[in-house]
Amino acid sequence: MPPGYYHLNNKLQLINKYWCLPALTRFNHKNGIAPYNGVVAVVNNSKVLDDKELNSKKIKKVYQECEKAASLINAKAPIRIDCRANENGEYFLFDLNMKPNMTGASRPHRKNQESLSALAARKIGWHYKDLLINMIAQKWIPN
């Protein structure tokens, strides 16, 4: 997420550096590839890491790398960075998505259509509408 003002813990807070929503893991791949979300909903093959995993040194290191990448490109809106682990469990940035999917389960017939960003936001207490409100309310900070 880019620097800006966010509603966190029931108050408006300034975060003056790039920061990460909680990391997720993907599973149930077919031939090493996550199935298209039109075939298998993201909520059926993705989940936020548990608190122990989120506080691990490896995840904290990849967060720093993601924050640096967002800073280097001077991101002005949320982006999604995909990472992959090698056989030693070390993570590497794989793909910077400048236009992350922001689907939310907002329609009765699509209750399982949350995006990865929406799933991550839920971990910090944001529902889909809270994620959108925080994106819209952001105030960009000049570099």
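Values in this text are rule-based calculations from the coordinates and carry no lab data. All of these numbers come straight from a predicted model, not from anything done at the bench. Every residue, glycine among them, receives a Cβ derived from its backbone with ideal geometry; neighbour counts consider all protein chains shown.
Between L24 and L49, the built amide H atoms are under 5 Å apart, and every one of these is 5 or more places off in sequence or on another chain.
To the nearest 0.05, how large is the calculated FRET efficiency for S71 and K30 if R₀ is 25 Å and r is the Cβ-Cβ distance? It comes out at approximately 0.10.
Which length gain, in nm to one decimal place, applies between D82 and L49 when the Cα-Cα distance is subtracted from 0.36 nm times their residue separation?
Stretched fully, the D82-L49 segment lengthens by 10.5 nm.
With the charge dipole of the range 4-137 set up from +1 on Lys and Arg Cβ and -1 on Asp and Glu Cβ about the Cα centre, the Cα lying farthest toward the positive end among the listed residues I81, N10, N31 is that of N10. Packing order of peptides 57-67, 93-103, highest average first: 57-67, 93-103 (average count of other Cβ atoms within 10 Å over each peptide's residues).
Fully extending the segment from Q64 to N112 would add 14.2 nm, taking 0.36 nm per residue of separation and subtracting the current Cα-Cα distance. The string of couplings for the range 44-51 from the Karplus curve (6.51, -1.76, 1.60, θ = phi - 60°) is 9, 9, 8, 7, 5, 4, 6, 4 Hz, one whole number per residue in order, with x for Gly and Pro. Each of the peptides 13-21, 83-91, 116-124 was scored by the mean count of other Cβ atoms within 10 Å over its residues; in descending order, highest first, they stand as 116-124, 13-21, 83-91.
Extension gain for K129-I15 works out to 39.0 nm (0.36 nm per residue, less the C-alpha to C-alpha distance). What is the set of long-range amide H partners of T103 at a cut-off below 5 Å, with H atoms built 1.01 Å from backbone N? Under 5 Å from the amide H of T103 lie the amide H atoms of S115, each far enough along the sequence or on another chain. Rounded to whole numbers, the Karplus 3J(HN,Hα) couplings from phi for the range 60-76 are 4, 5, 5, 4, 4, 5, 5, 4, 5, 4, 4, 5, 4, 8, 6, 4, 10 Hz, using 6.51 cos²θ - 1.76 cosθ + 1.60 with θ = phi - 60°, and x at Gly and Pro. Beyond a 22 Å Cα-Cα separation, which of these cross-linked pairs lie in this structure: K17/K61; K30/K57; K61/K99? With Cα atoms farther than 22 Å apart: K30/K57; K61/K99. Between C83 and F94, the built amide H atoms are under 5 Å apart, and every one of these is 5 or more places off in sequence or on another chain.
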